[in-house]
1. Do we find a residue being surrounded by fewer than 16 Cβ atoms within 10 Å (Cβ to Cβ), modelled with pLDDT of 95 or more, out of contact with any helix residue (DSSP H, G or I) (no Cβ under 7 Å at 6 or more places or on another chain) and outside any loop (DSSP other than H, G, I, E, B) anywhere in region 18-31?
2. Is there any pair linking a residue in region 274-298 that is within 26 Å of PRO130 (Cβ to Cβ) to one that is in a loop (DSSP other than H, G, I, E, B), with Cβ under 7 Å and at least six apart or on different chains, and which?
3. Taking PRO346 as meeting all but one of (1) within 30 Å of GLY131 (Cα to Cα); (2) surrounded by 15 or more Cβ atoms within 10 Å (Cβ to Cβ); (3) within 24 Å of the chain's Cα centre (by Cα), write down the number of the exception.
4. For region 351-376, give me each residue that is touching a Lys or Arg at 6+ places or on another chain (Cβ under 7 Å) and of a type outside the set (Gly, Ala, Ser).
5. Looking for whichever is charged (D, E, K, R) and in contact with a strand residue (DSSP E or B) (Cβ under 7 Å, 6 or more places away or on another chain) here; the options are GLU285, GLU322, GLU299, GLU291. Which one fits?
6. Does region 370-378 contain any residue that is closer than 27 Å to ALA185 by Cα, modelled with pLDDT under 95, hydroxyl-bearing (Ser, Thr, Tyr) and under 24 Å from the mean Cα position of the chain (by Cα)?
7. Could you tell me which residue of region 1-35 is farthest from LYS392 (Cα to Cα), considering only residues that are touching a strand residue (DSSP E or B) at 6+ places or on another chain (Cβ under 9 Å) and of a type in the set (S, T, N, Q)?
8. Applying the selection to region 193-247, what residues are in contact with a strand residue (DSSP E or B) (Cβ under 8 Å, 6 or more places away or on another chain), modelled with pLDDT under 90 and part of a helix (DSSP H, G or I)?
Amino acid sequence: MLEKFRYLTSGESHGQALTCIIDGVPANLLLSAGYIDQDLVRRQKGFGRGGRMKIESDRAKILAGVRQGKTLGSPITLLIENKDWANWQDVMSPDPGVKSQESRVKMLRSKNFKLLTHNSKLYPVTHPRPGHADLSGALKYNTHDIRNILERSSARETAVRVAAGAVAKKFLAEFNVKVLSYVTAIGGIKVASSRSQDQGSEKRILEIFKKAEASPVRCHDKEIEKKIVNKINAAMKKGDTLGGVFEVVALGVPAGLGSYTQWDRKLDAKLAFSFMSIQAIKGVEIGLGFEMAQRFGSEVMDEIFYQGARFYRRTNNAGGIEGGMSNGMPLIVRAAMKPIPTLRRPLSSVDIISKKPFKAAYERSDVCAVPTASVIGEAVMAVAIADSFLSKFGGDSIEEIKRNYKGYLKQINKF
């Protein structure tokens, strides 16, 4: 099914810039680069981030699709400059350099192989890192320089996805839909679970989010926060990394987004796809998720009640989705992020040219990026909801969509 809100990103980790083209944003939506920058700043925060965050201070430039603070209804083009490009121009230049890639590979295959400095930017990266796209990408795209793979597969790409998500959030805010996130576990240290009752309460979710925003690890529990910080410090000293779990919640989503009529229109399927597209995400749950499989049906179904001319539920085990459609409760998505595979104490690998055993190449990296991943999760959820929202209430201007939305609310309130 063709998406209504879609975007395409471009750019390398150490290239000149990251770019994004967003299609489907209606006309007359108020939008500024400053609004987008708020989420870019949030993405760069978090205890456990690496040295790259000291170099970059991401800011969005709107190149097209917006005039005098309002969207035009045409595609929006965003650009985020890479400040580290100044240190990588010789390596990442699109123009041919003094030594071509082929000549560098030939040198690596020469008798003087052992004398070369493999960590130098001037030579190809030939030691694939376990857990990365390195080896599979080199095989797929027929290159002996892994830099061609790692530059694009890097999570640096998520900066511009967060920018696209900020545009989606701005659209959703016109309909009082909020997308929030917080961390629930890092390195096996977890906050106490309160999934069913609290996650049906918008007031409680907002309280958790407010506390998480003030935390260096985006955790609302101060005692757990201290333990997590200590564990990140321990991993840092060992040259190791940590993963974790975060939750993203959407408040104010009306019942009826998505559909049960076709597999590719189901909202939960769209959300699962979106979250799994984030680098290092290895698992996604909606509502109680896997825990539902361990209980009786009578324990996990959200019973329906009617009072004050409205239907409601006292629990939210389904995470706001039933039958592939939103049911009016908060949308709850939980994602598991693996530990970052780039380690200062590298793992065993094999040189792709000599086939000799080596330790994997080390590229500057984070120790823990779970807090950052939660902000990226907000972005992909906002895009998925905006797409479903436009499919349901679509129009060419924000005013037209509001009229359609108002009519739908009137319909379901009379049901």
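1. Within region 18-31, one or more residues are surrounded by fewer than 16 Cβ atoms within 10 Å (Cβ to Cβ), modelled with pLDDT of 95 or more, out of contact with any helix residue (DSSP H, G or I) (no Cβ under 7 Å at 6 or more places or on another chain) and outside any loop (DSSP other than H, G, I, E, B).
2. ALA280/LYS338; ALA280/ILE340; LYS282/LYS338
3. Among (1) within 30 Å of GLY131 (Cα to Cα); (2) surrounded by 15 or more Cβ atoms within 10 Å (Cβ to Cβ); (3) within 24 Å of the chain's Cα centre (by Cα), the lone unmet condition for PRO346 is (3).
4. The first filter runs over region 351-376 and keeps only residues touching a Lys or Arg at 6+ places or on another chain (Cβ under 7 Å), leaving 353, 360-362, 364, 366, 369, 371-372, 374-376.
ILE353, TYR362, ARG364, ASP366, PRO371, THR372, VAL375, ILE376, listed by residue number.
5. GLU285
6. Within region 370-378, none of the residues are closer than 27 Å to ALA185 by Cα, modelled with pLDDT under 95, hydroxyl-bearing (Ser, Thr, Tyr) and under 24 Å from the mean Cα position of the chain (by Cα).
7. Across region 1-35, the extreme among qualifying residues is GLN16.
8. Passing the criteria: ARG195, GLU202.
The values are calculated or read from the model by the stated rules, or taken from the named source; none is laboratory data. Just so we're clear, the structure is a prediction, and the values are computed from it rather than from any experiment. Neighbour counts run over all protein chains shown; Cβ positions are idealised from the backbone, glycine included.
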